[in-house]
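Okay, so here's the structure we're looking at.
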Amino acid sequence: MPHDHADDAPPHSLLPPEPALRVKALETLLTRKGLVDPAALDEIIETYAHRIGPRNGAAVVARAWVDQGFRARLLSDATAAVAEMGFTGRQGEHMVAVENTPAQHNMVVCTLCSCYPWPLLGIPPGWYKSDAYRARAVREPRAVLAEFGVTLPEGQRVRVWDSTAEVRYLVLPMRPEGTKALDEAALAGLIHRDAMIGTALVEPPA
C-alpha cells in the first residue's frame, strides 16, 4: 500500500518492482504533470518497433550479401554505408559492422547499460538489457549462445563486442547455403534481429 513505508523512504521505493509496472507508473506520473504526451509516446514506440525496427538492419545485411562493393564500404565505414540507404538518426551515429566468418562468430552486448543501434534494429529486446545477459555474454559466450539455440563448431572462435554510447555494432551474419537464387528482398526476409546481434544464425529457406 502507498502508505506502508517509513517516512524517510526514498521516492523510488514507492514504484512497483516489475520493470513494466515501473515504466507504466512513471509514464502515468509524467503524463499527469503534463510532461509527456501519451499520443506522441505511442507514435515513437510504433516508429521504432515497426517502421524503423529490424527490417532496416535486414535490408543492410541483404545488400551486403549481394553487393560486394557495399559490403566493403559497410565493413570499412558502417555509419556512411547505412546512411547511403537512408538509415540515420540518434543511437546510430557511430556504427561498426563486424562480419561472421567460418573462423569467427561475433556477438554484441552492452555491459554498462543497453546501448543499441535503434535506427537499424529498433527497440532493444528485454533480454539484451538484462543483468544476466550483460554479465554472462562476456564471461561465457558459448554457454549463452547455446541457450539461444546456437551451437558453433569447435574451431570457430567467438568474439564479443561491447557496445557503448560512442560505438554501436551490427553483426553481418553469414549468408546461408541454398540462397544463391534469392533476390535482395527475399534475402532480407530471412534475416531477423537476433542474427544481427549475434545470438542467432540465419537459416536457409524451408
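A few comments on the model shown:
- Complete set of residues in region 163-183 that are among the acidic types (Asp, Glu) and within 21 Å of residue 88 (Cα to Cα): 166
- Residue match in region 16-38 (condition: open to solvent by 30 Å² or more (accessible area, probe 1.4 Å), at pLDDT 65 or above, among the β-branched types (Val, Ile, Thr) and outside any helix (DSSP H, G or I)): yes
- Verdict on residue 90 being more than 15 Å from residue 196 (Cβ to Cβ), touching a Pro at 6+ places or on another chain (Cβ under 9 Å) and not in a strand (DSSP E or B): yes
- Selection over region 98-127 of residues that are under 13 Å from the mean Cα position of the chain (by Cα) and either outside the structural domain of residue 148 (by TED's automatic domain parsing) or within 14 Å of residue 170 (Cβ to Cβ) (or both) gives a count of 13.
- Residue within region 115-137 that is in a loop (DSSP other than H, G, I, E, B), over 13 Å from residue 196 (Cβ atoms), hydrophobic (A, V, I, L, M, F, W, C) and open to solvent by less than 10 Å² (accessible area, probe 1.4 Å) present: no
- Condition check for residue 106 on (1) outside any helix (DSSP H, G or I); (2) surrounded by fewer than 16 Cβ atoms within 10 Å (Cβ to Cβ): one failure, at (2).
- Residue that is farthest from residue 192 (Cα to Cα) [pool: residues in region 146-182 that are open to solvent by 40 Å² or more (accessible area, probe 1.4 Å) and part of a strand (DSSP E or B)]: 157
- Candidates in region 61-97 are the residues that are among the polar types (S, T, N, Q) and farther than 15 Å from residue 172 by Cα; of these, the one that is least open to solvent (accessible area, probe 1.4 Å) is 91.
- Tabulated pairs, region 134-160, first in contact (Cβ under 8 Å) with a residue 60 or more places away in the chain, second of a type in the set (Val, Ile, Thr) and open to solvent by less than 80 Å² (accessible area, probe 1.4 Å), C-beta under 8 angstrom, 6+ apart or interchain: 159/98
The values are calculated or read from the model by the stated rules, or taken from the named source; none is laboratory data. Treat the numbers as computed from the prediction; the structure is a model and nothing was measured. Quick reminder, even Gly has a Cβ in these numbers, built from the backbone with ideal geometry, and neighbours come from all protein chains shown. Only protein heavy atoms, including side chains, enter the accessible area calculation; ligands, DNA and RNA are left aside. Shrake-Rupley method; radii C 1.70, N 1.55, O 1.52, S 1.80 Å.
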